Amino acid sequence: MTPTLQTLADLRAGRLAGATHVDLRHCQLAEFPRELFDLADTLEQLDLSGNPLRALPDDLPRLHALRTLFCSNCAFDTLPAVLGRCERLDLVGFKANAIAHVPAESLHPQLRWLILSGNRVDAIPETIGACHRLQKLALAGNRLTALPAGLGRCESLELIRLSANGFERWDDALPAGLLALPRLTWLAFAGNPFNLAQETRALQATPIAAIPWTTLQVGELLGQGASGHIHAARWRTITGGDRPVAVKLFKGEVTSDGLPASEMAACIAAGVHAHLIGVEGRIAGHPLGTQGLVLGLIPPHYRSLAGPPSLASCSRDVYAAGRRFTATQARAIATGTRDALAHLHARGLMHGDFYGHNILVDEAGHALLGDFGAASFLPDHDDAMAEALRRIDRRAVGVLVDELAQRCDEPGALAELRSFCAERSVVAEPLPSK
């Protein structure tokens, strides 16, 4: 069972008996509550985030049913070695601590999802190569300068975030073993020393209007993500007209995908395409110095194609129950987003997060690809590496087509698309139209 109200008092009074999920965020815990061991037979998911915890007990493996552990925004300076002795633990989340050291013994071979974003990690141990189930690895916002060779043995790895680290060279961040992983589909590496100059050059080379903050009337919040908030707004243009737009204001913090400044550079460099959310200009003169973009306002009849991955689905989007597509809709979504990705590749960008939850669609299947938080500039000095990176992006098109085919009223109609997108260049050859 999952109690509706969970506090330290509830735990100590025994009111959480039989719980499978326990959330003790922001309870001012300086020590691990020993009462949790009373739930050893049932506790599967534990969230201790937002507490001043610095250590976990040596007998943590007594929680033998535990599969998911979150300790984000705590005070750990070392990833606890005891985690490697928790046999069933497959999701470990220690975002935004002060972790500088990851002991070799802290990584259990059964680990499926490791989150270490926003720490001070400068090295990942070679033992990560034994994590044969590892699917997602979040390392953005650390101090890495190289990757272990063992990472090339993680053949189940599908998503990795390397943005905003200390990589000085392309080959340090993107070794051949990593790029050759057979299932790697979502990759981000922007905001490192080796590509910051490239991001700056690309931004300077792309004409973009400067839109004064005083010409914008910002309204309701439309949505928010890791990097910022999106508001509805009215823009008083230079001709005196009044246009509905969207305004994205960046938080200015390192996110799970990378740096907001890198996202802004990618958004601007992406240019104009019928299947991308257009950028009208860059905000100038915000009273707090906040960076932001003015975007085209998406009509309300567009909706997200899917929801983001869940803890259970790990690297796969979650579609609404009963969500179905006609062959015409599915083909339009696949071809439109495929073309948008080809456009980005031609402009020297990889998207890095080509997912259904980053795609808006209307009833006809017209699709708009958005969210450049994980976008990275392709190398302009190494054609083989650039093609390997494009191939990784294209693998995501194959995943999307497969998801559409599973929910299509005429599954056979997309079989040719699935085969085509999984193996061939979306730039060099067109997708079949029927």
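The values are calculated or read from the model by the stated rules, or taken from the named source; none is laboratory data. As the structure is a prediction and not an experimental result, all values here were calculated from the model. Backbone-built Cβ (ideal geometry, glycine too); neighbour counts: all protein chains shown.
Looking at 27, 74, just one residue is assigned by TED's automatic domain parsing to the domain that holds residue 115, buried (at least 20 other Cβ atoms within 10 Å of the Cβ), closer than 22 Å to residue 311 by Cβ and within 29 Å of the chain's Cα centre (by Cα), and that residue is 74. Candidates 85, 25, 34: the one that is within 20 Å of residue 134 (Cα to Cα) and not acidic (Asp, Glu) is 85. Within segment 185-205, being buried (at least 21 other Cβ atoms within 10 Å of the Cβ) and in contact (Cβ under 8 Å) with a residue 60 or more places away in the chain holds for 185, 186, 187, 188, 189, 190, 191, 195, 199.
Kindly provide the set of residues from segment 365-385 that are among the hydrophobic types (A, V, I, L, M, F, W, C) and either modelled with pLDDT under 95 or buried (at least 17 other Cβ atoms within 10 Å of the Cβ) (or both), ordered by number. Those that are among the hydrophobic types (A, V, I, L, M, F, W, C) and either modelled with pLDDT under 95 or buried (at least 17 other Cβ atoms within 10 Å of the Cβ) (or both): 367, 368, 369, 372, 374, 375, 377, 378. Is it fair to say residue 182 is more than 20 Å from the chain's Cα centre (by Cα) and of a type outside the set (Ser, Thr, Tyr)? Against the criterion (more than 20 Å from the chain's Cα centre (by Cα) and of a type outside the set (Ser, Thr, Tyr)), residue 182 does not qualify. Evaluate the following for residue 219: is it at pLDDT below 95, exposed (fewer than 15 other Cβ atoms within 10 Å of the Cβ) and over 25 Å from residue 147 (Cβ atoms)? Answer is yes for this residue.
The residues of segment 48-71 that are surrounded by fewer than 18 Cβ atoms within 10 Å (Cβ to Cβ) and over 22 Å from residue 104 (Cβ atoms), listed by number, are 52, 62, 64, 65.
Quick check on residue 83: is it over 27 Å from residue 309 (Cα atoms), touching a residue at least 24 places away in the same chain (Cβ under 8 Å) and either in a helix (DSSP H, G or I) or in the same structural domain as residue 129 (by TED's automatic domain parsing) (or both)?
Answer is no for this residue.
A single entry from 63, 8 fulfils the requirement of being at pLDDT 95 or above and among the hydrophobic types (A, V, I, L, M, F, W, C): 63.
To keep it simple, each residue is scored yes or no on (1) in the same structural domain as residue 134 (by TED's automatic domain parsing); (2) hydroxyl-bearing (Ser, Thr, Tyr); (3) at pLDDT 95 or above.
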site: 2; (1), (2), (3): no, yes, no
site: 14; (1), (2), (3): yes, no, no
site: 35; (1), (2), (3): yes, no, yes
site: 40; (1), (2), (3): yes, no, yes
site: 67; (1), (2), (3): yes, no, yes
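Across segment 269-307, the qualifying residues are those that are of a type in the set (S, T, N, Q) and assigned to a loop (DSSP other than H, G, I, E, B), and the one among them that is surrounded by the fewest Cβ atoms within 10 Å (Cβ to Cβ) is 290. Taking segment 88-108, which residues are part of a strand (DSSP E or B) and hydrophobic (A, V, I, L, M, F, W, C)? Scanning segment 88-108 gives 91, 92.
For residue 359, work out the one condition from (1) of a type in the set (Val, Ile, Thr); (2) within 30 Å of residue 205 (Cβ to Cβ); (3) surrounded by fewer than 22 Cβ atoms within 10 Å (Cβ to Cβ) it doesn't fulfil. Of the numbered conditions (1) of a type in the set (Val, Ile, Thr); (2) within 30 Å of residue 205 (Cβ to Cβ); (3) surrounded by fewer than 22 Cβ atoms within 10 Å (Cβ to Cβ), the odd one out for residue 359 is (3). Among the residues making up segment 206-229, those that are in contact (Cβ under 8 Å) with a residue 24 or more places away in the chain and either within 17 Å of residue 308 (Cβ to Cβ) or of a type in the set (A, V, I, L, M, F, W, C) (or both) are 208, 209, 210, 211, 213, 216, 218, 222, 225, 226, 227, 228. Restricted to segment 109-131, and to residues there that are part of a loop (DSSP other than H, G, I, E, B) and touching an Asp or Glu at 6+ places or on another chain (Cβ under 7 Å), the residue that is farthest from residue 73 (Cα to Cα) is 110. Please verify whether residue 296 is in contact (Cβ under 8 Å) with a residue 40 or more places away in the chain and at positive phi, treating the condition exactly as stated. Here the answer is no, as residue 296 does not meet what is asked.
If you take the residues in segment 229-268 that are touching a Lys or Arg at 6+ places or on another chain (Cβ under 8 Å) and hydroxyl-bearing (Ser, Thr, Tyr), which one is surrounded by the most Cβ atoms within 10 Å (Cβ to Cβ)? So, considering only residues that are touching a Lys or Arg at 6+ places or on another chain (Cβ under 8 Å) and hydroxyl-bearing (Ser, Thr, Tyr), the one surrounded by the most Cβ atoms within 10 Å (Cβ to Cβ) is 256.
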